[in-house]
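Trainee: The structure's right below; bear with me while I get my questions together.
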Amino acid sequence: MYDNNPTLTGIKKEIDEAKQGQVFYDEKPIAEGNQPSNGKHFYIESYGCAMNFSDSEIVASILYEVGFRPTRQLEEADLILVNTCSIREKAEETVRQRLNVFAKMKRKRPGTLVGVLGCMAERLKSKFLEEEKLVDMVIGPDAYRDLPNLVAGAEEGERGVNVLLSREETYADISPMRLDSNGVAGFISIMRGCDNMCSFCVVPFTRGRERSRDCFSIVSEAKDLYDRGYREVTLLGQNVDSYKWQNPENEQVVNFAQLLEMVAQVHPNLRVRFSTSHPKDITDEVLHTIASYENICKYIHLPVQSGNSTVLERMNRTYDREWYMERVQAIYRIIPECAISSDIIAGFCGEQEHEHQETVSMVEWANYSMSYMFFYSERPGTLAARKYPDDVPHEVKKRRLQEIVDKQSEVSLRHNKADVGKTYKVLIEGDSKKSDQDFKGRNSQNKMIVFPKIDSLKPGDYAWVKVTEATSATLMGEVSFP
Ligand code: SAH
Ligand code: SF4
Ligand code: F3S
């Protein structure tokens, strides 16, 4: 789950570790317009955050419309795409390794085209074509509509780059081709870009300015998913609390709390999740909305990054320890059954031992159900790279990260043990990883519960499951009928 594990690089958040870089297809054709095939196949691999996975679904839809069909087999692909992440150095290294594999593929099957999409494409721009001789196309996150043109050019031997960022593009009119095959839970992108300038973070440079998507297109996407059997949607944005869309017809402004309510009203059996909340922006209005709808999940991912106010200031997070603690208290007060998770960076520039200890104590105090923990990785061009030396030695970063991980495991175990004996409404997602005799599903608090199958239940159904056992990562249970 963190960067010193060489097998799990470029890992982020809601995307299960196992999913990184894998390809998943919903075999169902996209709802509208069965475009004739051009006989060619594309293969797409995604890295990074949920937004990237969601973008890959938009890319797939754009390619489908011009006749390409998806394949899971790299060997079968005429067009190989890799949707990349730049958040930490390791994430970029992983992509470079994959590009070597694709280059081999290309040598075996000349004519195969390779395109680099996403954040690394945006960060490196045309440098990519210089550095990686076998890459044919480089396309940034706001330029995916141009992909068919670039592919056509590449088929004629041109190497193309489009990394223009936009202030308007939200792909609102594109119905994503669902690449995730579980058919139960889907992502909906509600905004793009980020206007915060956290000093460690490359995202504002790779994703551009923040913009919110038309709320009606979000609601209709949620309805469409519900009609196709999906029972959970996750609304995605780098900072969902600053969602703000103005209706051009009547100038009315829709904020995140109102959007949440609109999506919750699509159907009581459609669960609503969202990510990521920013501690400086999450309002009591949002918390009250969560509390008043059973189908809005009682789970908030509220990254703290550091538990120390001086470090937070250098990080330019624009809140301090006290502000963060007040927000956590507000969550537990307004939504008592809510679970909170976090992102944490160990060893940021200038971090002192006592400052690090405040991060450890925050994990305990906030009682996080889980956290994504990383050590600081300097990113070229960011505020921190320009302003602060990356002066915490690697060994110290690793040790501090391990202390945070150990504390989080202890807190997670306690959090999970407290669920033993309780009964939760679980949305069944499919077979558990270990056994086809067991189902896995999540409760509202986003905890995965594994339990023996019973005949009358299938993925997409809700079940009431009593928790019988807990580890720091998973709950085990059995179906109960209270
Ligand atoms: N928008 C989200 C986070 C997006 S990036 C938010 O504001 O919380 C996901 C996580 O990656 C961040 O929360 C942070 O913990 C981590 N991260 C970002 N830049 C990093 C860097 N340079 N080194 C290590 N971790 C980083
Ligand atoms: Fe990066 Fe901060 Fe924006 Fe999150 S809020 S994407 S950490 S700049
Ligand atoms: Fe990575 Fe870009 Fe997401 S840098 S974390 S893929 S926004």
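Trainee: Collect the residues in the range 79-93 that are within 7 Å of ligand 3 (Cβ to nearest atom) and either open to solvent by 20 Å² or more (accessible area, probe 1.4 Å) or of a type in the set (Asp, Glu) (or both), keeping them in residue-number order.
Mentor: 87 - this is the single residue of the range 79-93 that is within 7 Å of ligand 3 (Cβ to nearest atom) and either open to solvent by 20 Å² or more (accessible area, probe 1.4 Å) or of a type in the set (Asp, Glu) (or both).
Trainee: Now a separate question. Condition check: of a type outside the set (D, E, K, R) and assigned to a helix (DSSP H, G or I). Does residue 277 satisfy that? Before you say what the answer is, go through the steps one by one.
Mentor: Values: of a type outside the set (D, E, K, R): yes; assigned to a helix (DSSP H, G or I): no.
Here the answer is no, as residue 277 does not meet what is asked.
Trainee: Which is outside the structural domain of residue 207 (by TED's automatic domain parsing) and touching a helix residue (DSSP H, G or I) at 6+ places or on another chain (Cβ under 6 Å), of 371, 409, 444? Give the steps one after another, and end with the answer.
Mentor: On the way: 409 fails: touching a helix residue (DSSP H, G or I) at 6+ places or on another chain (Cβ under 6 Å); 444 fails: touching a helix residue (DSSP H, G or I) at 6+ places or on another chain (Cβ under 6 Å).
After ruling out the rest, the residue left standing is 371.
Trainee: Here's something else I'd like to know. Picking from 242, 277, which residue would you name as being touching a residue at least 12 places away in the same chain (Cβ under 8 Å), within 18 Å of the chain's Cα centre (by Cα), within 24 Å of residue 445 (Cα to Cα) and open to solvent by 20 Å² or more (accessible area, probe 1.4 Å)?
Mentor: Numbers: 277 fails: open to solvent by 20 Å² or more (accessible area, probe 1.4 Å).
The conditions single out 242.
Trainee: Name the residues in the range 223-258 that are touching a Cys at 6+ places or on another chain (Cβ under 9 Å) and farther than 21 Å from residue 303 by Cα, would you?
Mentor: Within the range 223-258, 232, 245, 247, 254, 258 meet the criteria.
Trainee: Scan the range 338-365 for residues that are of a type in the set (Gly, Ala, Ser), away from ligand 2 (no atom under 16 Å from the Cβ) and free of Cβ contacts under 8 Å to residues at least 60 places away in the same chain and jot them down. Let's see the steps before the verdict.
Mentor: Keep residues of the range 338-365 that are of a type in the set (Gly, Ala, Ser), which gives 339, 341-342, 346-347, 350, 361.
From the residues that got through so far, the ones that are away from ligand 2 (no atom under 16 Å from the Cβ) too are 339, 347, 350, 361.
If the condition is that a residue be of a type in the set (Gly, Ala, Ser), away from ligand 2 (no atom under 16 Å from the Cβ) and free of Cβ contacts under 8 Å to residues at least 60 places away in the same chain, then 347, 350, 361 are the ones that fit.
Trainee: Another question about this same structure. I'd like to know if the range 94-115 contains one or more residues that are open to solvent by 30 Å² or more (accessible area, probe 1.4 Å), touching a residue at least 40 places away in the same chain (Cβ under 8 Å) and not hydrophobic (A, V, I, L, M, F, W, C).
Mentor: So far as the range 94-115 goes, yes, one or more of its residues are open to solvent by 30 Å² or more (accessible area, probe 1.4 Å), touching a residue at least 40 places away in the same chain (Cβ under 8 Å) and not hydrophobic (A, V, I, L, M, F, W, C).
Trainee: Quick check on residue 175: is it open to solvent by 20 Å² or more (accessible area, probe 1.4 Å) and either of a type in the set (Gly, Ala, Ser) or in contact (Cβ under 8 Å) with a residue 60 or more places away in the chain (or both)? Before the answer, list the steps.
Mentor: Values: open to solvent by 20 Å² or more (accessible area, probe 1.4 Å): yes; either of a type in the set (Gly, Ala, Ser) or in contact (Cβ under 8 Å) with a residue 60 or more places away in the chain (or both): yes.
Spelling it out, residue 175 is indeed open to solvent by 20 Å² or more (accessible area, probe 1.4 Å) and either of a type in the set (Gly, Ala, Ser) or in contact (Cβ under 8 Å) with a residue 60 or more places away in the chain (or both).
Trainee: Starting from the range 222-236, keep only residues that are open to solvent by less than 10 Å² (accessible area, probe 1.4 Å), then list their pairs with residues that are among the aromatic types (Phe, Trp, Tyr) whose Cβ atoms are within a distance under 8 Å, requiring at least 6 positions of separation or different chains.
Mentor: Sorted first by the residue in the range 222-236, then by its partner, the pairs are 233/187; 235/274; 236/187; 236/274.
Every residue, every condition in (1) among the acidic types (Asp, Glu); (2) under 23 Å from residue 382 (Cα atoms); (3) out of contact with any strand residue (DSSP E or B) (no Cβ under 8 Å at 6 or more places or on another chain), yes or no:
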| site | (1), (2), (3) |
| --- | --- |
| 40 | no, no, no |
| 48 | no, yes, no |
| 60 | no, no, no |
| 63 | no, no, no |
| 90 | no, yes, yes |
| 94 | no, yes, yes |
| 109 | no, no, yes |
| 132 | yes, no, no |
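Trainee: Give the residue that is nearest to ligand 2 (Cβ to nearest atom), with candidates limited to residues of the range 59-78 that are surrounded by 22 or more Cβ atoms within 10 Å (Cβ to Cβ) and within 18 Å of residue 141 (Cα to Cα). Before the answer, list the steps.
Mentor: Of the residues in the range 59-78, the ones surrounded by 22 or more Cβ atoms within 10 Å (Cβ to Cβ) are 59-60, 63, 68, 77.
Next cut, within 18 Å of residue 141 (Cα to Cα) only: 59-60, 63.
On the way: 59: 21, 60: 24, 63: 27 Å.
For the range 59-78, the residue satisfying everything is 59.
Trainee: On to the next question. Condition first: within 19 Å of the chain's Cα centre (by Cα) and either crowded, with 20+ Cβ neighbours inside 10 Å or within 20 Å of residue 77 (Cα to Cα) (or both). Can you find one or more residues in the range 148-166 that meet it? Working first, answer last.
Mentor: The initial filter retains those residues of the range 148-166 that are within 19 Å of the chain's Cα centre (by Cα), namely none.
No.
Trainee: Assuming residue 130 fulfils every condition listed in (1) in a helix (DSSP H, G or I); (2) touching a residue at least 60 places away in the same chain (Cβ under 8 Å); (3) open to solvent by 30 Å² or more (accessible area, probe 1.4 Å) apart from one, which condition is it?
Mentor: Just one mismatch for residue 130, condition (2).
Trainee: Just name the residue that is farthest from residue 419 (Cα to Cα) out of those in the range 458-482 that are hydrophobic (A, V, I, L, M, F, W, C), out of contact with any Pro (no Cβ under 8 Å at 6 or more places or on another chain) and open to solvent by 30 Å² or more (accessible area, probe 1.4 Å). Talk me through it step by step, then tell me what you get.
Mentor: Of the residues in the range 458-482, the ones hydrophobic (A, V, I, L, M, F, W, C) are 463-465, 467, 470, 473, 475-476, 479, 481.
Next cut, out of contact with any Pro (no Cβ under 8 Å at 6 or more places or on another chain) only: 463, 465, 467, 470, 473, 475-476, 481.
Next, only the ones that are open to solvent by 30 Å² or more (accessible area, probe 1.4 Å) stay: 473, 476, 481.
Values: 473: 13, 476: 10, 481: 17 Å.
Taking the candidates together, the pick is 481.
Trainee: While we're looking at this one, here's another question. Please tell me if residue 261 is charged (D, E, K, R), farther than 30 Å from residue 460 by Cα, open to solvent by 60 Å² or more (accessible area, probe 1.4 Å) and over 20 Å from the mean Cα position of the chain (by Cα).
Mentor: no
The values are calculated or read from the model by the stated rules, or taken from the named source; none is laboratory data. These figures come from a predicted structure and were not determined experimentally. So basically every Cβ, Gly included, is an ideal-geometry build from the backbone, and we count neighbours across all protein chains shown. All accessible areas refer to the heavy atoms of the entire protein, side chains included, with ligands and DNA or RNA removed. Shrake-Rupley method; radii C 1.70, N 1.55, O 1.52, S 1.80 Å.
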